[in-house]
Amino acid sequence: MVLWERLEEFHLINNGKAVRFGQPFLLMPAMTFGQFGRGCGRQRAGMFFCMFEKKGCKMNIFKEMALSVYSYKSYKKFLGNKQFKVFGFGVVLMLIYWMITIGLPCMRFFLSGPGLMAELDEMVPEFELEDGILWVDQVIEYEEGDIYINIDTDPDSVFYDASEIRDFLSDYRQVILMDSEKMIMKDNRETNQFYFYEFGNIKFTKDNLLGFLPLLFLCAVIVLILMYFVMTALFFFGVIFVALLGMVAASCMNCRLTFGQLYMLGIYSRVLPLGIKALISFLPFHIPFFWILNFGLSLLILIFAMKNIREQNLPEVHGNMPGSGGYAYGSGYPGSYAEGNFSKNNGFGGNGTYGNPNNDQ
């Protein structure tokens, strides 16, 4: 039985010199050199170590969020994450973004001040709708820009029908007109007119409206939750666009990554742009064409990440090494390491080919 052990770093002793491997490796104790062939029998160092790079390190989501912003070298480790973890990363990221941009402002609105019930009680005047007749205890008139509101329920004064005041309505984008008999509403180019008798013989007052407030609050919560799911779905759809641009950049950089790998990296590249977008949402003005900067920053992060991945994939050489084709550390290894076998000049003090115990030189 072969025992596998995970080590973050270790030292390999060669001729009294310690060679340090900083990257995480899997260490496999194998058989003694003599079991590989007579050529290795001269140097019985005790154990032969095969090194395999450990795929991915366990890391919590919040640490990954921080590293995705400032450490492009960490993106290679992100490729070792399972798909479910990457999906969870995107879900948590969007939950934080939703809380900052929508959740917290809504909570502050509902919880601050005297409360929504008290505010509506103060803002909404006393009214009564009964038998198709509306009564409001005061006249309300409001005009701001292309918005006009006029509520006057004096039975001796009623508005003309909507078809008769088209010229007046055309001056505004949004209009609400209410008298004792009817209501006229205009939103952009659509105009509607309703007579109160069409609602039947119902009685509806201010107290009835305030009684519906808990139901309205529940509906608002459901709408907010639905908004989160929609925003999350749009987030994962937008990463497809980032990954497609990343494929073009990877082709130009000669970086061999699949679309799935670029999609995973694209999710991590969205952390910084979404953070900036969340902060900008609190500004009192709108930045035009910000979506170009938004996705452009993700692509730039992806390019830097691919650059580091390409550099990390290059063979790392230390000391004098006349051979080529793999890993060789320290000046004590004059030989070369080729994938699949070792050359005759094996660098361990003897000749012979590893992996073929019948090859006697």
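The values are calculated or read from the model by the stated rules, or taken from the named source; none is laboratory data. It should be emphasised that the depicted structure is a prediction, and the values quoted were computed from it without experimental measurement. Counting neighbours? That spans all protein chains shown, and the Cβs are built from the backbone with ideal geometry, glycine included. Just so you know, the surface numbers come from the protein's heavy atoms only, side chains and all, with ligands and any DNA or RNA stripped out. Shrake-Rupley method; radii C 1.70, N 1.55, O 1.52, S 1.80 Å.
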Probe 1.4 Å, all protein chains present, accessible-area order of Lys76, Lys277, largest first: Lys277, Lys76
Segment Met231-Tyr70, extension gain: residue separation times 0.36 nm, minus the distance between their alpha carbons: 55.4 nm
Pairs of Lys in the stretch 181-318 closer than 26 Å at Cα, counting only those 8 or more apart or on different chains: 5
Met231, Met123, ranked by accessible area, largest first (probe 1.4 Å): Met123, Met231
Cα shape, the stretch 66-171, gyration tensor, a/c 1.5 rule: prolate
Protein-only accessible surface order, largest first, of Cys219, Cys106 at 1.4 Å: Cys219, Cys106
Share antiparallel - DSSP beta bridges, the stretch 133-195, percent rounded to 5: 75
In range of the label at Glu144: residues from the stretch 187-207 whose backbone nitrogen is under 19 Å from the point 7 Å along Cα→Cβ: 187-188
Shape call, the stretch 189-244: gyration tensor on alpha carbons, a/c limit 1.5: oblate
Computed accessible area, Arg310, all protein chains, 1.4 angstrom probe, square angstrom: 90
